[in-house]
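The values are calculated or read from the model by the stated rules, or taken from the named source; none is laboratory data. Note that the coordinates shown come from a computational prediction; the quantities given were computed from them, not determined experimentally. Positions of Cβ are backbone-derived with ideal geometry, glycine not excepted, and every protein chain shown enters the neighbour counts. Keep in mind that these areas ignore ligands, DNA and RNA; they rest on the heavy atoms of the full protein, side chains included. Shrake-Rupley method; radii C 1.70, N 1.55, O 1.52, S 1.80 Å.
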Amino acid sequence: MSSSKNNGLCIKELQVEYKSGQLALGQVNLTLPEHGIYTIIGPSGSGKSTLLRAVAGLLPGYEGELLFNGKSVHDKETLIGLVPQNYGLLPWKTVHDNIQIAMKITRPAGGRKETQEAQITHWLESMGISELAARYPLSLSGGQQQRVAIARAFAIQPTILLLDEPFSALDAITREALQQIFLDNWLANPATTLFVTHDVEEAILLGQRIIVMPSSKQDTPEILDNAAVFAMKHEDKRDSDDYFEQSKRIRKVMLTKW
Ligand SMILES: Nc1ncnc2c1ncn2[C@@H]1O[C@H](COP(=O)(O)OP(=O)(O)O)[C@@H](O)[C@H]1O
Ligand SMILES: [Mg+2]
């Protein structure tokens, strides 16, 4: 069994029912290598958020197994960062303090205050929101809140990073810019990442593989290899033949599974 020790995030026969008794997520089997990034697309209600919540440890119960390098993903040593669909910011804390408190909670031993401040400054800058540090979340636009949530997720340097449609509130231009910034940051420090999106283009631009969720809970997800596109320079991806082929492939899967 030693070969299964270091194989990253392993989702085995995961199935989720909420209290209502209705199936929220049909069976999912998936292995995401450590330091890998997969994107997930699927119709509304197909269980994308539920899948992330299960991995994040936010569900009271589920069937199946969630392992990271052979141990339960919910062991203390695995730090999981989640950017939820509603951004998950604390409204009574400033942008700066939202990031600071997350760093404090996730690493109580902490490190020096100056180092922490430098980190906060760095992540605010890289998300282009330095000027928002003293503002409160509810005074920000949805897109600005999303950037704060992403800065916070990067700042805690999680082992596993889970993002739930993190760019959905951004306009097309900002979104493209942020995709590039996100990927650059991810490449510099590649957490094991699941990235949920409802945008086919985004799924192809950001994932090493693309998981297409079915609309029926009886059906299984389709997993497409996207290594060819992923290996390209980000700015070349959109105009490549591989990108075009991939988008045709996904649309075909969508026709049968959605
Ligand atoms: N807290 C909840 N209680 C009961 N049912 C839920 C809850 N959250 C989601 N569901 C149901 O689970 C299914 C999957 O939802 P969700 O994971 O939010 O899908 P997606 O993110 O793909 O839109 C849907 O049928 C939804 O109505
Ligand atoms: Mg969702």
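Of the peptides 169-176, 205-212, the ranking by mean beta-carbon count within 10 Å, highest at the top, reads 205-212, 169-176. Mark the label point 7 Å from the Cα of D75 along Cα→Cβ and return the residues of the range 149-171 whose backbone N is within less than 16 Å of it. From the range 149-171, the list is 159-160. Mean-square fluctuations from a GNM of the chain, with a 10 angstrom spring cutoff on Cα atoms, peak among P108, P221, P137 at P108.
Checking the cross-link pairs K12/K71; K48/K104; K19/K252 against a 24 Å limit on the alpha carbon distance flags K48/K104; K19/K252 as lying beyond it.
Here the range 141-193 and the range 63-88 have alpha carbon centers that stand 18 Å from each other.
Estimated from helical segments only, the mean residue ellipticity of the chain at 222 nm is -11500 deg cm²/dmol, where each DSSP H run of four or more residues counts as -39500 (n - 2.57).
The chymotrypsin sites (Phe, Trp or Tyr not before Pro) found in the range 41-149 that occupy coil by DSSP, while having at most 14 further C-beta atoms within 10 Å, are W92. Seen through its C-alpha gyration tensor, with square-root eigenvalues sorted a ≥ b ≥ c, the range 119-212 comes out oblate because a/c lies at 1.5 or above while a/b is not bigger than b/c.
For the range 7-91, the gyration tensor built on C-alpha atoms gives a rounded shape. Its axis ratio a/c (a ≥ b ≥ c) stays under 1.5. Checking the a/c ratio against 1.5 first, then a/b against b/c, what shape does the Cα gyration tensor give for the range 178-258? Oblate, because a/c is 1.5 or more while a/b does not exceed b/c. Placing pseudo-labels 7 Å out from each Cα toward the beta carbon at W258 and T121 gives an inter-label distance of 4.5 nm.
When all protein chains stay in place and ligands, DNA and RNA are ignored, the 1.4 Å accessible-area order of S44, S247, S72, largest first, is S44, S72, S247.
Note on K71: accessible area approximately 100 square angstrom, rounded to 10, probe 1.4 Å, nucleic acids and ligands left out.
Loop-located GluC sites (Glu not before Pro) across the range 55-143 with a Cβ neighbour count of 12 or fewer within 10 Å are E77, with loop assigned by DSSP.
At most 15 other Cβ atoms within 10 Å and a DSSP loop assignment: could you name the trypsin sites (Lys or Arg not before Pro) in the range 105-166 that fit? Qualifying residues, ordered by number: R112, R135. A full extension of the chain between K113 and Q180 corresponds to an added length of 21.1 nm, given 0.36 nm per residue minus the alpha carbon distance. When only alpha carbons are used to place a centre, the range 244-258 and the range 18-50 end up 18 Å from one another. Highest mobility in the GNM of the chain, judged by mean-square fluctuation with C-alpha springs under 10 Å and restricted to I160, I181, I41, is found for I181.
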